[in-house]
């Protein structure tokens, strides 16, 4: 089955630790995105990548880092510099680099930092 | 800055009713608008994508309209069913510069009473 997988579904970390969230897609999509969702708020864009080895900051990139070494993978690292890391993280992809394409989302990872 | 507002924030109706969810955006410079469904604790499911040059899109019992000049979109759900209960999110792809991702509203939480 084609789709977007995110692992793990739930993640718990102690404050001060870096943590990496996985996002893999087998849809052969060029573009990939990371969003964050907090209760009562809309999703906000963290980082996006339109092609391999290239990525751009979104609206709330501070405290996060990404890499895009392979077309199918776009991992997100939440660093200790992120002040409020507890949130639901969603990965998305779209078939083309242009803005006209539909975005498809993965099942999400819920990160809790204590 | 582009802002997206969804009204109402919550809606509860008896099964079988037709209903309308509203979405408004502040800047008409958009490439497209996408409607999503989100079940509790899950990722987003894309329902409909309307390009800026289109007026409406239909899929089954769902019909979405777009009036770019007035900054409004509606999602019409016909003959509602309990399985339609979910949060519905509206998102626009802004064409006025800046980060290339979706700008989301906070959603409408819909409950269909059996």
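Quick note: the coordinates plus some simple rules give every number you see, no bench work behind them. Just so you know, these numbers come straight off a predicted model, no measurement behind them. Counting neighbours? That spans all protein chains shown, and the Cβs are built from the backbone with ideal geometry, glycine included.
Within 11 Å of the chain's Cα centre (by Cα), under 15 Å from residue B:88 (Cβ atoms) and in a strand (DSSP E or B), is that true of residue B:66?
No.
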Of all the residues that make up the stretch B:87-114, how many are over 18 Å from residue B:27 (Cβ atoms) and either over 13 Å from the mean Cα position of the chain (by Cα) or within 14 Å of chain A (Cβ to nearest Cβ) (or both)? 10
Can you tell me how many residues within the stretch A:58-114 are in a strand (DSSP E or B) and free of Cβ contacts under 8 Å to residues at least 40 places away in the same chain? 4
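One line per residue, one yes/no per condition, for (1) within 13 Å of chain B (Cβ to nearest Cβ); (2) out of contact with any helix residue (DSSP H, G or I) (no Cβ under 8 Å at 6 or more places or on another chain); (3) closer than 19 Å to residue B:101 by Cα; (4) crowded, with 20+ Cβ neighbours inside 10 Å:
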residue	(1), (2), (3), (4)
A:5	yes, yes, no, no
A:20	no, yes, no, no
A:30	yes, yes, yes, no
A:70	no, yes, no, no
Output the strands (runs of 3 or more DSSP E) that fall wholly within the stretch B:1-58 and possess 2 or more residues being under 21 Å from residue A:36 (Cβ atoms) and free of Cβ contacts under 8 Å to residues at least 40 places away in the same chain, or say none. B:44-51
For the stretch B:71-93, what are the residues that are in contact (Cβ under 8 Å) with a residue 40 or more places away in the chain and assigned to a loop (DSSP other than H, G, I, E, B)? B:71, B:78, B:79, B:80, B:81
If you go through the stretch B:2-13 one residue at a time, do you hit one that is surrounded by 15 or more Cβ atoms within 10 Å (Cβ to Cβ), more than 14 Å from every other protein chain (Cβ to nearest Cβ), touching a strand residue (DSSP E or B) at 6+ places or on another chain (Cβ under 9 Å) and over 30 Å from residue A:6 (Cα atoms)? yes
State the number of residues belonging to the stretch A:42-65 that are within 13 Å of another protein chain (Cβ to nearest Cβ) and over 25 Å from residue B:105 (Cα atoms). 2
